[in-house]
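Single-structure report; data block below.
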Amino acid sequence: MKEAMKLWFKEGYTDFDSSEGLNRNNPFELKRLNIIVGANNSGKSRFMRELACKIYIDEISLKNLTSYLQLLQKVGVLLNTFSVNDEWNTSAFEFNSFNFIKNNYTSNLEKLTQIKDQVNLAIARANSPSQSSYPTAYKIYDLYRRQSYNDNSYSKLFDELQNIIEELFSLEAEYELINISALKIFYINSLRSLKHFKPLESLAESEIEKTISNKNDILIHKSTIAPDGEEHTHVTKKEILDKLRKNTLLLRVYKDYDFLDHQIVTGEDFFEFLTDSLLGMPEERQRIDDYQAKLSHYFFNNEVVTLIPHRKDDSLHIKIGEAEQFPISQLGDGLQQVIILTYKAFLTTEPSFFFIEEPEMHLHAGYVKQIMKFLLNETDHYYMATSHSNYLLDMINEDKRITLYRIDKENVGNEENKYETVIRRCDGDRTILQTLGVSPSSVFLANCTIWIEGITDRLYFVQYLKKYLEELKITDQEKWEDYSRFIDGYHYAFVEYQGSNLEHWDFEVDSLEDVDSGKNKGLNAVLVTSNALVIADSDLKKKPRFNELEQQLGDKIAITQGKETENSLPRKFLVKKFFEMCPDNGLAKQGNKKKLAYSDEYEKYFTDIYQSSSKGIGKYFDTALNKMRRDGVVPQLETDETSFSFSDGNQGTIKSKTNFCQDIVELMQSEPWELTPSATELCESIFQHISENNR
């Protein structure tokens with residue numbers, strides 16, 4: 001499953017046009033999970049529904065046709081630069097005998113002509129309105145790769161030609177990899193429930209039949225055609241009618257929007273679906289078993305969950321752990337929502353695109369994030385969700401598979417009652433918090449808190465905890481089952497105290513009568529946050545209040561082995577960043593912007609001493625640079641030259657700490673790595689704290 005893809009709108013898609021935001025000429029980048037936020041009546045639900053329908057009826061493209069044509073035309077221009085004259089030497093080309101039959105030798109001029117003809121044909125096909133598919137670069141590339149040009153006078157041209165053709169080839173391969181219109185579409189409206197509703201026997205059959213007939217013919221037709229072109233058994237109007245009469249919520253959504261009955265997920269069909277699966281083939285029953293196991297792990301604290309279609313009262317039952325089974329209607333609404341939002345996605349094996357209205361409905365804040373983790377980690381589908389939940393925003397920094405779009409309704413040219421809907425990418429837009437109603441009065445909901453110095457520490461620890469669980473799954477299955485159930489925002493939350501501000505907090509209050517913010521003492525942390533574990537840099541030990549804090553917190557304070565959290569980072573990433581940052585001449589002000597190139601022989605300059613050092617990573621880098629200069633790897637300084645410096649101040653903290661952190665986190669998400677011993681120790685302290693406060 002590709003983690004991101006770009007979509008272009010075809011001609012005529014102007015409902016959501018905007019000069020500043022998304023429009024037909026600009027790509028709409030979709031990731032695995034796409035969150036759409038905006039004020040009420042901004043148009044986010046309408047945009048999502050229309051996008052789903054556009055994808056379904058194939059009015060969205062994976063390619064920017066204009067750019068594709070430009071590349072093809074560039075190939076033609078390059079080929080035309082090869083002059084056809086007497087100076088051409090047939091020995092200039094060396095043909096591969098594997099690709100050419102000896103008895104049918106083709107001259108150079110003839111071969112170039114064939115390539116040009118293929119390019120012109122491809123461009124003509126691309127410009128033809130009757131051509132349903134995009135031109136292929138395969139034939140062009142295949143013709144070119146059969147020959148190698150060894151004349152220096154033309155080598156640069158052929159290099160450029162090869163690069164362009166390979167780019168076309170790459171685009172073709174990507175298009176073949178993802179066929180957006182072949183994805184199954186599912187729509188989960190806000191009308192959803194696992195509860196049993198009485199069938200609408202009294203509903204006029206003619207009314208529903210009229211609604212069925214009014215559905216777009218192209219949608220009805222496409223629903224009966226498989227991606228491979230084979231026609232499915234036609235679904236009769238009577239079958240659709242019977243289904244709609246049995247499912248009240250489905251009927252309502254079916255009448256309101258352009259989706260077909262099999263695309264709408266309301267939860268009402270889960271009883272029949274579960275029954276058919278449990279009475280079906282072995283692989284179907286196994287899939288249900290796997291689903292129940294995942295529900296247990298993600299949402300029921302690893303207690304065994306059994307879903308039971310109870311025929312006596314024609315309702316769905318559930319059994320949790322050793323407790324007696326009971327009707328699903330007696331389960332909390334939040335956990336019912338969990339099942340509705342996950343069962344179709346988990347049990348559908350074909351590549352699909354799910355469009356979900358406000359997944360946070362009836363859910364505890366922490367469960368919103370947990371559902372998204374379930375969908376991303378346990379399924380291979382794409383998702384788009386409208387939302388008013390600010391708890392999803394944290395996930396954008398934690399997971400590169402997620403993106404955030406904001407929709408606003410803006411006035412057009414100051415004309416009264418004339419608006420356009422603007423869609424903007426807003427992953428880092430802080431103003432979105434106000435749109436979602438987040439204010440200083442927001443309260444802590446987690447069962448315990450982990451106090452860290454700042455945002456960079458939080459981003460590091462999010463990755464640390466993920467990696468710790470991955471390693472724990474191999475080394476200690478029992479502990480992994482316990483720790484992996486914890487939800488960020490529900491079982492625990494991070495609090496940033498911003499460095500030396502920790503000295504202004506008091507973690508001990510014996511009585512509310514002792515509370516007086518006017519006194520010259522620390523603010524009362526226990527009144528605004530719950531069950532704190534404080535993680536502090538080692539230099540806190542030198543601060544005046546350390547002894548008092550240690551006495552108040554006891555074993556609820558964890559001190560880094562090295563100066564700060566960066567000292568617990570994997571050495572392989574530190575080395576990589578060193579060479580990305582260090583200029584090849586080691587000067588602070590240099591005309592040459594080249595970076596120092598990595599070599600295995602330089603590994604000797606980087607030891608693990610930084611993990612327990614009282615100096616920061618910037619100082620660690622500076623020391624390595626000085627040693628490399630001493631050994632001649634980097635030139636010696638002249639009298640008027642100043643050495644490049646990684647550190648910011650005497651403590652050796654790395655410069656541009658936030659950017660440095662973002663780069664390291666990106667590496668953590670894309671490359672294999674292992675926790676350092678010091679990072680493992682901090683993770684163990686965190687999980688022990690969380691476990692103690694969530695028993």
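Legend: ranking of residues Tyr187, Tyr382 from fewest to most surrounding C-beta atoms inside 10 Å; resulting order Tyr187, Tyr382. For the pair Gln73 and Ser656, the difference between a 0.36 nm per residue extended length and the Cα-Cα distance amounts to 205.5 nm.
Could you list the residues of region 664-695 with an amide nitrogen less than 14 Å from a label point located 7 Å from the Cα of Glu496 in the Cα-to-C-beta direction? What the label zone holds, given the 14 Å backbone N cut-off, is no residue at all. Whole Å is fine, so just give me how far the alpha carbon centre of region 273-297 lies from that of region 571-632. Here the two parts' Cα centres lie 54 Å apart. Charge dipole (Cα centre; +1 on Lys/Arg Cβ, -1 on Asp/Glu Cβ; no other charges) of region 571-673 amounts to roughly 180 debye. How would region 269-350 be classified by its alpha-carbon gyration tensor: rounded, prolate or oblate, with rounded meaning a/c under 1.5 and the a/b versus b/c comparison settling the rest? It is rounded, given that a/c, with a ≥ b ≥ c, falls under 1.5.
Residues Arg49, Arg192, Arg629, ranked from the fewest to the most other C-beta atoms within 10 Å, line up as Arg629, Arg49, Arg192. As a proxy for reagent exposure, Val575, Val304, Val368, Val253 were ordered by neighbouring Cβ count within 10 angstrom, fewest first; the result is Val304, Val575, Val253, Val368. About the centre of its Cα atoms, region 269-350 shows a dipole size close to 80 debye [charges on the beta carbon of Lys, Arg (+1) and Asp, Glu (-1) only; nearest 20 debye].
Bear in mind that the values in this text are calculations on the coordinates, not laboratory data. Quick caveat, the model's predicted, so the values are computed rather than measured. Quick reminder, even Gly has a Cβ in these numbers, built from the backbone with ideal geometry, and neighbours come from all protein chains shown.
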